[in-house]
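Note sheet for the following structure.
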Amino acid sequence: MKLSFFNKTLFFCSVLSVSLFSVQAQVLNSKQIDSVVEKTLTTFNVPGIAVAVLKDGKVVHAKGYGVRSIKNNLKVDENTLFGIASNTKAMTAALLGMLIDEKKITWDTKVTDIIPEFKLYDPYVTSEFTIRDLLTHRSGLGLGAGDLMIWPDSSTVTKTQLIHNLRYLKPVSSFRSKYDYDNLLYIVAGEVITRVSGVAYDEFLESRIFKPLGMNKTAASWYRLKDRSNIIDGHAPYEGKLLPVGLSFGEIANPAGGVYANVTDMSKWINTMINGGKYGDNLEKTLFSAAVAKELWTPQTMINNGNPASFTSYGLGWVLSSVYGKFQAAHTGGLSGIVTQVNIIPELKLGIIVLTNQQSGAAFNAISNSIKDGYLGVKGQDRIKTLNDNRLAREKQADETVAKVWAAIAAGQQSNTLKPDIKNYMATYSDSWFGEVVVRNKNGKLYFEAKNSPKLKGEMTYYKGNTFIVKWQDRSLDADAFVNFSLDHNGKANGFTIEAISPLTDFSFDFQDLDFKLKDN
């Protein structure tokens, strides 16, 4: 999911490798944080941001900036609700920890002991798969595998269908050998919670975390919010402008990224994590045990970040790393038009929360890293400039890639190149886990429509050979793709694959996992 979390490639937490270090650097005060955020809003074209900083058990800064939506221009404040996206995963992991405290399961309980119908492509992996494996992105499935069952909108796929369809997703690496971020197995983790506790996941989350911590505005999903009077719209950039976007997925995906919260409520959750599961005025109450807290922040799967001087790994719902020699637990999250970030440095009892209503991961990194620099003693860094320069370079490269494709199409249309007969491609096709796609004639051109994912529809333009381009009708998706048809001996299409055009396409558009075949009539 847009972890773009990312943009939703937004998901990965930045691990800084800058060597400058100076104890003379100063902690940013609230006015200085204001200045950083205001500059970030402008630089990265973000309508609204909320920021909270926690230090030594106290909230030292909590404030909103900009507007909730370009449709209403209402101000963001510390109580404005954002989708926190994949920062929900840490809560799902903590809920499983509570059930472990109650001795109802262990981290290494087999998933099939709880969900007998759970089945992956490889029978051995199915039989060995544990609750720990659900949370650690080491299943062997590829990055974002199967996300199109829940993304980019409210798919018609049910939770029962999703769990069944996991068996059709082919692995790209050996079991437990490699890190590849996924969302679907966190949905399975949510179903484990439901079956073990006897309470629906959403209710269990709200009663066991939100209620005791006093997170009174927070809900397990947008659909469950009691008050939407102070909530953001997501925004996606398109051709230099911003487009408001709707919800990314339905409620079956809640354990992976459903929670809506504000920085005020999130501060209570992050302080509880910093305090090892304890909360209350004198930390006299316990949400989960110290043993569970330790396990959540214990490295489980190594992540190769290319920096041998540092480490990055995934724990249970958290990305764990070394930042200037200090342990950091962090995570990002992304939905359509929304990206968020949480950073915790336990040794400093420091927590930083950044929630945004635009899908620029560079924006939240600019704020978080600027704040961290003061506490870590880092001096001489212009985080906004560095991240913006990198962003512009990536976007320039991606724009050039896309422009070459459309230039080739324009050149072909002006030449006398023989165009294919669109009747040879018009049919209904099916993929084992994604379902049906209809390719039909609309105003003399091919038109793509996905049955289970209503947003995935758009006009198809001939490119070259047996390849067309699908241009999604919803321009906020930013995921136009090649559709590569295969033909039978009569020259008629009998299947196709899909490949994103832009290298910046969000990883949850996992087109590479699709293999459509002509549906038998």
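Quick note: the coordinates plus some simple rules give every number you see, no bench work behind them. What you see is a predicted model, and the numbers here were worked out from it, not measured in a lab. Because the Cβ atoms are built from the backbone with ideal geometry, glycine has one as well, and the counts that use them run over all protein chains shown.
Rounded to the nearest Å, what's the spacing between the alpha carbon centres of region 25-100 and region 469-521? Just the number, please.
Going from one Cα centre to the other spans 37 Å.
Using a 7 Å offset from the Cα along the Cα-to-Cβ direction at both Lys170 and Glu284, what is the distance between the two label points in nm, to one decimal?
6.1 nm
Under a crude label model (7 Å from the Cα following the beta-carbon direction), how far is Ser310 from Glu102 in nanometres?
3.9 nm
What is the distance in Å between the Cα centres of region 214-228 and region 330-393?
About 25 Å separates the Cα centre of region 214-228 from the one of region 330-393.
Report the full-extension gain for the segment Asp113 to Lys75: residue separation times 0.36 nm, less the Cα-Cα distance, to one decimal in nm. The partial results should precede the final answer.
On the way: separation 38, 0.36 × 38 = 13.68 nm, distance 4.90 nm.
Working it through step by step, the gained length comes to 8.8 nm.
Straight distance only, please: which lysines reach the Cα of Lys492 with their own Cα at less than 21 Å, same-chain residues fewer than 8 apart left out?
Those lysines meeting the cut-off are Lys419, Lys423, Lys442, Lys445, Lys464, Lys517, Lys519.
At a Cα cut-off below 19 Å, give the aspartates and glutamates reachable from Lys31, other chains included and same-chain residues fewer than 8 away excluded.
Asp77, Glu78, Asp373, Asp382
What does the charge dipole of region 403-518 about its Cα centre add up to, to the nearest 20 debye, if the Cβ of each Lys and Arg holds +1 and the Cβ of each Asp and Glu holds -1? List each step's numbers first, then the result.
Details: 14 positive and 14 negative charges, 116 e Å.
It comes to approximately 560 debye.
If neighbour count is taken as other Cβ atoms inside 10 Å, put Met426, Met98 in order from fewest to most.
Details: Met426 15, Met98 19.
Lowest to highest Cβ neighbour count: Met426, Met98.
Just order 88-94, 393-399, 275-281 by mean Cβ neighbour count inside 10 Å, highest at the front, would you? Don't skip to the end; give the middle numbers.
Details: 88-94: 25.7, 393-399: 12.4, 275-281: 16.6.
For the peptides 88-94, 393-399, 275-281, the packing ranking is 88-94, 275-281, 393-399.
Go ahead and estimate [θ] at 222 nm for the chain from helices alone: -39,500 (n - 2.57) per DSSP H run with n ≥ 4, summed, over the residue count, rounded to 500. List each step's numbers first, then the result.
On the way: 13 runs with 138 residues, N = 521.
Value at 222 nm, helices only: -8000 deg cm²/dmol.
Going by average Cβ density within 10 Å per residue, which order do the peptides 229-236, 506-513 take, highest to lowest?
Values: 229-236: 21.2, 506-513: 24.1.
The packing order, highest mean first, is 506-513, 229-236.
Among Ile469, Ile422, Ala479, whose Cα projects farthest towards the positive end of the dipole of region 403-518, with charges put on the beta-carbon of Lys, Arg (+1) and Asp, Glu (-1)?
Value computed over the given set: Ile422.
Projecting each Cα onto the charge dipole of region 161-279 (Lys/Arg +1, Asp/Glu -1 at the beta carbon, about the Cα centre), which of Ser174, Ala261, Leu242 comes out farthest on the positive side?
Checked the options; the winner is Ser174.
Need the list of lysines near Lys159 for cross-linking: C-alpha distance under 17 angstrom, and skip anything on the same chain fewer than eight residues off.
Cross-link targets: Lys119, Lys451.
Can you pull the one-decimal nm distance between simple spin-label points at Lys379 and Lys58, each 7 Å off the Cα toward Cβ?
That separation, rounded to one decimal, is 2.6 nm.
What is the extension gain from Ala411 to Val199, computed as 0.36 nm multiplied by their sequence separation minus the C-alpha to C-alpha distance, in nm to one decimal? Write down the numbers at each step before the final one.
Values: separation 212, 0.36 × 212 = 76.32 nm, distance 5.96 nm.
Taking 0.36 nm per residue and subtracting the Cα distance, the gain is 70.4 nm.
Just to check I understand the Karplus step: with θ = phi - 60° and J = 6.51 cos²θ - 1.76 cosθ + 1.60, what whole-Hz values come out for region 264-272, glycine and proline as x?
5, 5, 4, 4, 5, 5, 5, 4, 5
Among 246-257, 330-341, how do they line up from the highest to the lowest mean number of other beta-carbon atoms within 10 Å?
On the way: 246-257: 23.5, 330-341: 30.8.
The most tightly packed comes first, giving 330-341, 246-257.
Suppose the chain between Asn424 and Asn29 were pulled fully straight at 0.36 nm per residue; how much longer would it get relative to their current alpha carbon spacing?
135.7 nm
Dipole of the chain (Lys/Arg Cβ +1, Asp/Glu Cβ -1, origin at the Cα centre): which of Asn388, Val196, Ile344 lies farthest to the positive side?
Farthest along the dipole direction, towards plus: Asn388.
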